[in-house]
Amino acid sequence: MEYTVFILLLPLAMFLLLGLLDSKLKPRVAGILGTLGMTVCAALAYFTAYQFFTQPRNAEGVIPSVTPYNYEWLRFTENLHIDLGIYLDPISVMMLVVITTVSLMVHIYSLGYMHGEKGFQRYYAFLSLFSMSMLGLVVATNIFQMYIFWELVGVSSYLLIGFYYTKPAAIAASKKAFIVTRFADLGFLIGILILSFFTKTFDFATLTATPTAIITETAGATFLGCSVASWALALIFMGGAGKSAMFPLHIWLPDAMEGPTPVSALIHAATMVVAGVYLVARLFPVYCVTPEVLELITTVGAITALYAAIVACVQTDIKRVLAFSTISQIAFMIVALGVANDTDLHEGLGYMASMFHLFTHAMFKALLFLGAGAIIHAVHSNEMSEMGGLRKYMPITHITFLIACLAIAGIPPFSGFFSKDEILTAVMNKSTFWGIWMTVVAGLTAFYMFRLYFRIFWWKNTDCSHHTPHEAPLTMTLPLIFLALVTCVAGFIPFGELVSVNGQPYHIHLDWSVATTSIIVAVCAISLAAWLYLKENKKPTAMADATRTLHTAAYRRFYIDEIYLFITHKIIFKGICAPIAWFDRHIIDGTMDMFANVTQWVSARIKGLQSGYIQSYVWILLMGTLLIAAITIICLL
Amino acid sequence: MDFSQYSLIWEYMQSELLLLVATVLLFFIDLFASPRFLDKWFSGIACVLLAAVTAVSCIPGSETHTLFGGMFINTPMTTAMKMVLNIGTILVLLQAHSWVNSEACKVRRGEFYELMFFTLFGMYLMISSGHFLIFFIGLETASLPIAALVAFNKQGGDSYESGAKYLFNAVFSSAIFLMGISFMYAMSGSLYFEDIALAATANTALFIVALAFIISGIGFKLSLVPFHLWTADVYQGGPTAVTAYLSVISKGAAAFAFLWVLFKTFSPSPEVWQGILYVLIILTITLGNLFAIRQKDLKRFLAFSSISQAGYIMLGVMANSAQGMTALVYYILVYIFSNLAAFGVIATIENKTGKVNMDDYNGLYQTNPKLSLAMMLAMFSLAGIPPFAGFFSKFFIFASAVNSGYYILVLIALLNTIISLFYYLLVVKAMFINPNDNPIETVKTGCYGRTGLVICVAGILILGIASCVYGYLSGLSLTVGI
């Protein structure tokens, strides 16, 4: 399967081509070129998936993983070397399909959405760069390669969030996203270094094959009461939490919505933000040897899920609602991983459920974002108050959006129902407390999504804006229809047969007690949303007034951003940075100035050596030689 | 003598002999072809011939060959070194094209190429020698034609002055070198490297004096302090193409040769020459830098920068290990690309406008963005800023010295890179930041010159990241068995 290398090289070539030619290409040509490149890429990815999943299973019933390509890039010692390669196993192949599909849809969609924007070619170049980085991340053979591409997706995300670089909010958002994720990546890097220091390898295959070796390697090494292995894995998870916007590192994601909407669909809903989930899944056997870290992961995920769901209920910017919904849904995946275990298929249900939800969520959340893009395109605003009654004007967007909402709310037979049900079952098996907690969050999900849906498409009957909104062009509706179809059928994919914790086929069966509960909760939540938002009325305002404090707090995202600002500006900047800056400006710079002055002074003193006279040159040459000989003789004899 | 001997010679000395054939071929073409043909094709033919020699004979094999009873040794590593030199020379030839074909120079065009090829032949002999006489012949063959090349510009007085200075200094240093090897002969009764290696275990005064003289002779070519004083004057006065050649190829060859002489001859007593080199490296890097920061003339500036670069190169010799050898060859390869990129830009601008002062470069970016970018990359690479190749070459050469335990030496070298960063950035600042009301007009680079520059820039960008180059050299140096 050597051709898989082209899945990476093709977007890279597109990035270089579009990026270097930039405005020399016509926007249309650039867009079509980028889209064609992605089409080929997606075709290759599908073919890879087909070939991979149809290969014969081995004696244990596991699909053997493949490394079709590996290039040793840097070798430090016998064991420690950085390779660049392609590692195919069920989850990386699944990710290849997800990324190329969503990326292709976004490429097509952007042809319409970004039409006439300044910097259209640049936009497509960045999209290609992102696709290349993300694909490189998922096929990484070793943790360092993953880190390299991890940073590259961070950069492309930064570039794309700040695409409208004349808009101050976009610039601020891109900086915020970059700094917050970079801060988390610091933990990731330290984690990698600690882990590789003890295990003497970066290689995923080696790490996951003998995960218990890390325990013996680090035996006895503890730090602040926890074993070093736990610290390393927790720090690695910190990197994942930053990228996946887990509480309290989630603050960048809502702001990242300043980027173009298709970008939000691709990067901040379907692919990059699930990198953290993917990272934990990739290292899952290693995480299983440190149960305390898995517990941490569960807790972080559960808190994030509830927090984001509550905040999503009161936001008025439709992209913000979707952003918080994304955070909450990713937290579902994280929790599912946290409660899983690799002892057997039953215990490992959470792993499969998490990957399944990642897959279905990528499709329906991309659909939601693209639908939101179409709506924003039509009404030229992100605010709910500007919308209402759009179902008449935008029938395709309406139907596809409804399908996505039903999926995320967990209504059968749409894909979200199946994956969410598996997650709830897995959580319930592990602990009833978290099970109930997550069921409540699932109910909240259904509520805020249908609040969004009714506010956009129902609420008002007559349109009072200046012009009539109209349906989006074909380039935009086609991806919507395609993703809606996927959302309808994805639940019936025998996902457990392909991806499971130990690779053996797992037959998914619904746990009807959990399924019924979650359906009832979802239907109740939807009814409540319908009661509140189907027709324009005063009930929502009255409810908000009744719970003023909570409502405001939730609307302001529980003041997490303000807390960050307080800590950074008031404590770190004033208390720590200011004295350091003074020290730097006066003491360190002063020392450097002194060095510079001394250097200049010496330099001026010795310029006479270079007199230009041959006789003095030869004299110095001869004397130098003799002096060297003399000094050496004196020193050595 | 039977004929199998000849066929062996042909097989083992292929690169040297093919280079000679190419030179003779050039000579005849120059003699008999029509002037119009020469104007059009001669430079191209020279480049192609050299490229062909490289492709046919300078691809490292896997075996070591000795000839003439061990006077001539060809190993995979020496072949790789010759390849490095050839690549550099081709780049120099590409950049020299427009100057050599100018009205003033084209009468003597043939000589330029032939002399250059002869010096290259001399360098081959130096690198492959196993005997001090062969080495000396190589040294002289590589030195004397350069004096003629430096004095190549017949109009300006500077060029003559530089030629004369080079010749006098070279002759004097050759005399010291000869003195050194005659002392060696007096001690060991042989001029074979391996015989001397056996006899030189005792640290006698005579041995040390001889060693100092030999180091002085080669140090002259490398322009190590205090044997460096000719460098700036010669670089400034010589034609830019020749200066470029002197600063990278000639220096590179001398470094390679130095490496072999020290490894083959004096490896039993490394502490003596390591002690001497220790001091020389500190002097070279520091003084080179201290002088470089004062320079206003870019060619003079690069002369001093190349002096301090020679100091860094010597760190690889100091390491006295396979890693050091790899790092040294890699350093020179990268240095060739970086320095030739700088010289390429200077040559282009000098040819069209005659300006070589740093102040003339103020605001160059407005009129010549591509040349400025190439120059900037060259400066960044020379200063060792990641991710350009120069960073990696410095990193590897420092790493090799650290692995041999020279922590303080590397620290001093590191501090010096800060000074060097200052003056390299001065050039960048001049081009990009300093305001200028009438900057140098837009210069059009010729096709050859542009090819040369593009290759250099590509080298700067790619060599560091493509770890296979270093890995390949590392594999070769492990076969040497130090």
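Stretched out fully, how many nm does the piece from B:Asp39 to B:Thr66 gain, at 0.36 nm a residue minus the Cα gap?
Values: separation 27, 0.36 × 27 = 9.72 nm, distance 4.15 nm.
Taking 0.36 nm per residue and subtracting the Cα distance, the gain is 5.6 nm.
If one puts a single equal scatterer on every Cα of chain A and applies the Debye formula without solvent, what log₁₀ I(q)/I(0) results at q = 0.10 Å⁻¹?
-0.89
Tell me whether the stretch A:26-80 comes out rounded, prolate or oblate; compute the Cα gyration tensor, take square roots of the eigenvalues as a ≥ b ≥ c, and use a/c under 1.5 as the rounded threshold. Display every interim value, and only then the final one.
Values: a/c = 6.19, a/b = 1.39, b/c = 4.45.
Oblate.
Looking only at Cα atoms, what is the convex hull volume of the stretch B:196-279 per residue, in Å³? Walk me through the intermediate numbers first.
Numbers: hull volume 7.0 nm³, N = 84.
Convex hull of Cα atoms, per residue: 83 Å³.
Modelling each spin label as a point 7 Å along the Cα-to-Cβ direction, I'd like the B:Val454/A:Asn58 distance in nm, to one decimal.
Label-label distance for B:Val454 and A:Asn58, simple model: 4.9 nm.
Quote the FRET efficiency, to the nearest 0.05, computed for A:Thr552 versus B:Ala466 with a Förster distance R0 of 51 Å and r equal to the Cβ-Cβ distance.
0.35
How high is the FRET efficiency from A:Phe492 to A:Leu9, r the C-beta distance, R0 35 Å, rounded to 0.05?
Values: r = 34 Å, r/R0 = 0.98.
Computed FRET efficiency for A:Phe492 and A:Leu9: 0.55.
Of all the C-alpha pairs in the stretch B:1-89, what % are more than 21 Å from each other? Working shown, then result.
Numbers: 1601 of 3916 pairs.
For the stretch B:1-89, the fraction of Cα-Cα distances above 21 Å is 41 percent.
Hey, what D do you get for the stretch B:384-427 in µm²/s if you plug the Kirkwood alpha-carbon radius into Stokes-Einstein at 25 °C and 0.890 mPa s? The partial results should precede the final answer.
Numbers: Rh = 11.0 Å.
Answer, rounded: 223 µm²/s.
Kindly provide the chymotrypsin sites (Phe, Trp or Tyr not before Pro) of the stretch A:484-561 that DSSP labels as loop, not H, G, I, E or B, and whose Cβ sees at most 15 other Cβ atoms within 10 Å. Walk me through the numbers before you get to the answer.
Numbers: sites: A:Phe492, A:Phe495, A:Tyr506, A:Trp512, A:Trp531, A:Tyr533, A:Tyr555, A:Phe558, A:Tyr559; in loops: A:Tyr506.
Here no loop site has a sparse enough neighbourhood.
What does the convex hull of the alpha-carbon atoms of the protein assembly as shown project to on average, in nm²?
Working: hull surface 207.7 nm².
Averaged projected hull area, Cα only: 51.9 nm².
Stick to the Cα atoms of the stretch A:77-174, pair each with every other, and give me the Kirkwood hydrodynamic radius in Å at one decimal. Could the numbers behind the result be given before it?
Working: mean 1/r = 0.0669 Å⁻¹.
Result for the stretch A:77-174, one decimal place: 14.9 Å.
So if each residue of separation counts as 0.36 nm, and I subtract the Cα-Cα distance between A:Leu186 and A:Gln600, what length gain in nm does that give? Mind dumping the intermediate values first?
Values: separation 414, 0.36 × 414 = 149.04 nm, distance 3.93 nm.
Net length gain for the segment: 145.1 nm.
Principal axis lengths of chain B from Cα atoms, whole Å, largest first?
On the principal axes, chain B reaches 67, 57, 43 Å in Cα extent.
Taking only DSSP H segments of four or more residues, each worth -39500 (n - 2.57), what value at 222 nm results for chain A once the sum is divided by all its residues, to the nearest 500 deg cm²/dmol?
On the way: 28 runs with 431 residues, N = 637.
That comes out to -22500 deg cm²/dmol.
Using a basic spin-label model with each label point 7 Å from the Cα along Cα→Cβ, how many nm lie between A:Ile303 and B:Ile137?
Calculated label separation equals 8.1 nm.
So, by mean Cβ neighbours within 10 angstrom, what's the order for B:303-310, B:32-39, B:77-84, B:170-177 with the highest one leading?
On the way: B:303-310: 27.4, B:32-39: 11.8, B:77-84: 24.0, B:170-177: 19.6.
Sorting B:303-310, B:32-39, B:77-84, B:170-177 by mean packing, highest first, produces B:303-310, B:77-84, B:170-177, B:32-39.
For B:228-238, what's the mean count of beta carbons from other chains sitting within 10 Å of each residue's beta carbon? Don't skip to the answer; put the middle values down first.
Numbers: counts 6, 13, 4, 2, 2, 6, 0, 0, 0, 0, 0.
So the per-residue partner count for this stretch is 3.
If you count, for every residue in A:612-624, the Cβ atoms of partner chains within 10 Å of its Cβ, what is the mean? Walk me through the numbers on the way to the answer.
Working: counts 5, 3, 11, 1, 1, 11, 8, 2, 5, 12, 7, 1, 11.
Taking the mean over all residues of the peptide, I get 6.
How shielded is B:206-214 by partner chains, expressed as the average number of their Cβ atoms within 10 Å of its Cβ atoms? Don't skip to the end; give the middle numbers.
Numbers: counts 1, 2, 10, 7, 1, 3, 10, 4, 1.
Whole-number average of other-chain Cβ neighbours for B:206-214 is 4.
Using a Förster distance of 35 angstrom, determine the FRET efficiency expected from the C-beta separation of A:Ser513 and A:Leu485, and round it to 0.05. Walk me through the numbers before you get to the answer.
Working: r = 31 Å, r/R0 = 0.88.
In this case the efficiency is close to 0.70.
What aspartates and glutamates could a cross-link reach from A:Lys570, if we take a straight Cα to Cα line under 16 Å and drop same-chain neighbours fewer than 8 places away?
A:Asp561, A:Glu562
What does the highest-first list of B:126-135, A:584-593 look like by mean Cβ count within 10 Å?
Values: B:126-135: 23.2, A:584-593: 10.6.
Per-residue mean Cβ counts within 10 Å order the peptides as B:126-135, A:584-593.
Sticking with the crude label model, points 7 Å out along Cα→Cβ, report the distance from B:Gln366 to A:Lys167 in nm, one decimal please.
3.6
Which helices pass in chain A if a helix is a full DSSP H run, must span at least 30 angstrom along its long axis by Cα, and must have mean Kyte-Doolittle hydropathy not below -0.5? Don't skip to the end; give the middle numbers.
On the way: long enough: A:27-53 (39 Å, 1.13); A:90-113 (34 Å, 1.67); A:168-199 (45 Å, 1.42); A:291-312 (31 Å, 1.55); A:318-339 (32 Å, 1.66); A:349-379 (43 Å, 1.37); A:432-457 (37 Å, 1.16); A:512-533 (31 Å, 1.74); A:614-636 (33 Å, 2.17).
Result, helices passing both filters: A:27-53, A:90-113, A:168-199, A:291-312, A:318-339, A:349-379, A:432-457, A:512-533, A:614-636.
Under the 0.36 nm per residue contour assumption, what length would be gained going from the current alpha-carbon distance of A:Ala205 and A:Val440 to full extension? It would help to have the intermediate numbers written out before the result.
Values: separation 235, 0.36 × 235 = 84.60 nm, distance 3.81 nm.
Gain on stretching A:Ala205 to A:Val440: 80.8 nm.
Peptides B:436-446, A:536-546: what's the order by average Cβ count within 10 Å, highest mean first? List each step's numbers first, then the result.
On the way: B:436-446: 14.3, A:536-546: 11.3.
My ranking of the peptides, most packed first, is B:436-446, A:536-546.
Report the rotationally averaged projected area of the stretch B:340-482 based on its alpha-carbon convex hull, in square nanometres.
Values: hull surface 40.2 nm².
Mean shadow area of the hull around the Cα atoms is 10.1 nm².
Rule-based calculations on the coordinates, nothing more; no lab input. Every value quoted in this text rests on a predicted model; they were computed, and no experiment measured them. For neighbour counting, all protein chains shown are included, and Cβ atoms are generated from backbone atoms with ideal geometry for every residue, glycine included.
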